[in-house]
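The values are calculated or read from the model by the stated rules, or taken from the named source; none is laboratory data. On a predicted model such as this, the values are computed, not experimentally measured, just so you know. Counting neighbours? That spans all protein chains shown, and the Cβs are built from the backbone with ideal geometry, glycine included. For accessibility, only protein heavy atoms count, side chains too; no ligands or nucleic acids. Shrake-Rupley method; radii C 1.70, N 1.55, O 1.52, S 1.80 Å.
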Amino acid sequence: MTKTRDATFEEGAQRPLRLKALDGDDVQVISALVQDSVLPASEMSWRKSERRFGLLLNRFRWEDPATTREAERVQAVLCIENVMAVRSQGLDPKDRDTVLSILALVFEAGEDGAGTLRLILAGDGEIAVDVEAPEVILRDVTRPYGAPSGKVPRHPE
């Protein structure tokens, strides 16, 4: 067995994904990996004093379709650092049981490296995170598991 900080994996097993985005191009890579991720609204947290916004989500393992089983998911943490403000549109802040589906993560650069990270959600919802500088971390925290429905969303190429 090999031990990582996140989980224990058997020799030869796929490693947990750990990525850090520091610019708009890197954010596009993370966006592709979190597309179609789902999470209950209760699994989002803005720690204002730490300047951090985090989400615990269930994502499809899009990164290696040749070796990944059909409909394989993993729990992951998406953490946004250097946060100055968080706003939402099209979401009821009191409904913590709502299941959100992420369509994309987009960085809109402003001045001096600051900007806004937008989490575009299905159903016309959006979470806008104003950052001093983009720093987005995506880290798998569980072993892969089969999606309950057994289905994977299909997207036009």
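Here TRP46 meets the list (1) part of a strand (DSSP E or B); (2) under 13 Å from the mean Cα position of the chain (by Cα) almost entirely, failing just condition (2).
The residues listed here are ARG69, ARG18; of these, the one that is of a type in the set (Lys, Arg), at pLDDT below 90 and in contact with a Lys or Arg (Cβ under 9 Å, 6 or more places away or on another chain) is ARG69.
The set of residues in segment 36-60 that are open to solvent by 50 Å² or more (accessible area, probe 1.4 Å) and on the phi > 0 side of the Ramachandran plot contains only ARG51. When segment 67-107 is filtered for residues that are of a type in the set (D, E, K, R) and in contact (Cβ under 8 Å) with a residue 12 or more places away in the chain, the ones remaining, listed by number, are ARG69, GLU70, GLU72, ARG73, GLU81, ARG87, ASP95, ARG96, ASP97. Scanning segment 145-154 turns up no residue that is more than 16 Å from VAL99 (Cα to Cα), of a type in the set (S, T, N, Q) and at pLDDT below 95. Of the residues making up segment 104-124, just one is more than 18 Å from GLY54 (Cβ to Cβ) and buried (at least 18 other Cβ atoms within 10 Å of the Cβ), namely GLY115.
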